[in-house]
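Participant: Quick one: structure below, then a few questions.
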Amino acid sequence: QVQLVESGGGLVQPGGSLRLSCAASGFIFSIYFMGWYRQAPGKQRELVAAISSGGSTNSADSVKGRFTISRDNAKNTVSLQMNSLKPEDTAVYYCNARLGPVSLWGQGTQVTVSS
């Protein structure tokens with residue numbers, strides 16, 4: 001069964017950190033392009049960070065220097081380390097796996113940054 005399961009979301013104060021993880025199963029994880037997206041209420045889903053099968057990364061300007069994406073092909077996981085969180089980072093965060101026309105999504109995990 002093809003599955004992406006996110007974990008690690010929660011409530012954190014501004015300036016705090018969270019680490020999101022996404023566990024993949026049911027497909028050849030190592031060859032997929034992996035990404036983290038987020039969607040805040042009333043806004044479109046946007047790309048936060050992505051990592052290629054070879055380990056090359058890119059991230060949105062809004063999170064550069066604060067968020068780091070990584071992958072472990074042996075464990076079929078992709079992670080997003082989020083530091084110096086801001087209230088505007090509040091959103092549902094989704095894991096995505098992409099290969100050609102195939103695009104797989106997790107169910108999302110809520111991140112709330114508030115004092």
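Participant: For the chain, with all protein chains present and a 1.4 Å probe, just round the carbon and sulfur fraction of the accessible area to a whole percent.
Facilitator: Carbon with sulfur: 50 percent of the solvent-accessible area.
Participant: Another one. Which value, in Å² and to the nearest 10, is the accessible area of Arg71 when all protein chains are kept and the probe is 1.4 Å?
Facilitator: 40
Participant: I would also like to ask the following. Relative to the present Cα-Cα distance, how much length would full extension add between Lys75 and Ile28 at 0.36 nm per residue of separation?
Facilitator: Extending this stretch completely gives an extra 15.8 nm.
Participant: Rounded to two decimal places and with Rh computed the Kirkwood way over Cα pairs, what is Rg over Rh for segment 44-111?
Facilitator: 0.94
Participant: While we're looking at this one, here's another question. So, how do all the Cα-to-Cα distances of segment 20-63 break down into 10 Å bins, in percent, from 0 on up?
Facilitator: Going out from 0 Å in 10 Å bins, segment 20-63 shows 24, 48, 25, 4 percent.
Participant: Over the alpha-carbon set of the chain, work out the extent along each principal axis and list the three values in angstrom, largest first.
Facilitator: That works out to 40, 25, 23 Å along the principal axes.
Participant: With +1 on the Cβ of every Lys and Arg and -1 on the Cβ of every Asp and Glu, and nothing else charged, how large is the dipole of the chain about its Cα centre, in debye rounded to the nearest 20?
Facilitator: 60
Participant: What is the spin-label model distance, in nm, from Gln3 to Ser53 if the labels are put 7 Å beyond Cα along the C-beta direction?
Facilitator: The answer from the label model is 2.4 nm.
Participant: In Å², what does the accessible area per residue of the chain work out to with a 1.4 Å probe?
Facilitator: 52
The values are calculated or read from the model by the stated rules, or taken from the named source; none is laboratory data. Small disclaimer: the values here were computed from a predicted structure and weren't measured. Note that each Cβ is placed from the backbone with ideal geometry, even for glycine, and that neighbours are counted across all protein chains shown. Heavy atoms of the whole protein, side chains included, go into the accessibility calculation; ligands, DNA and RNA do not. Shrake-Rupley method; radii C 1.70, N 1.55, O 1.52, S 1.80 Å.
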